[in-house]
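Note sheet for the following structure.
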Amino acid sequence: MAKHKIPKNRSIEDMFQGVEEEATFETTGWEDDEVSVRRPQAKKSAKKQTASDFRRQFFTDDLQEKVGSILLDIKMAYFKDGVGDISLEVVKDGRNVVIKTAPKTSKKLRK
């Protein structure tokens, strides 16, 4: 019986070149299964919400889209009047939130 010499200093790709792995329950994940049924994820109470995360939950994607669209319309109206940049100020008015817009003044003019 002859000894089989194992080549040294080969990369992983070289060692497994030409090897086809059979898909078994050990080698495939749940996401690879076509018929897999997703189980509801248990709520993780261990993850603590930061103050920033708590504030962001009020500004949903739909609300961001609406506010962004309105602000873009206002920005374009300023642009048509020859104003390049605008400043935004968020103000609480009783139980309402008001976003005030104004032309942005340059730092040179403030002196």
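The values are calculated or read from the model by the stated rules, or taken from the named source; none is laboratory data. For clarity, every value in this text was computed on a predicted model and none was experimentally measured. So basically every Cβ, Gly included, is an ideal-geometry build from the backbone, and we count neighbours across all protein chains shown. The accessibility values were calculated without ligands, DNA or RNA, using every heavy atom of the protein model including side chains. Shrake-Rupley method; radii C 1.70, N 1.55, O 1.52, S 1.80 Å.
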If a residue has to be at pLDDT 80 or above, open to solvent by 90 Å² or more (accessible area, probe 1.4 Å), outside any helix (DSSP H, G or I) and over 17 Å from Ile99 (Cα atoms) to count, how many in the stretch 40-75 make the cut?
1
For the stretch 56-77, pairs from a residue that is closer than 12 Å to Leu88 by Cβ to a residue that is open to solvent by 100 Å² or more (accessible area, probe 1.4 Å) and of a type in the set (A, V, I, L, M), with Cβ under 7 Å and 6 or more apart or across chains, are none
Within the stretch 24-39, residues open to solvent by 80 Å² or more (accessible area, probe 1.4 Å) and modelled with pLDDT of 60 or more come out as Phe25, Glu26, Trp30, Glu31
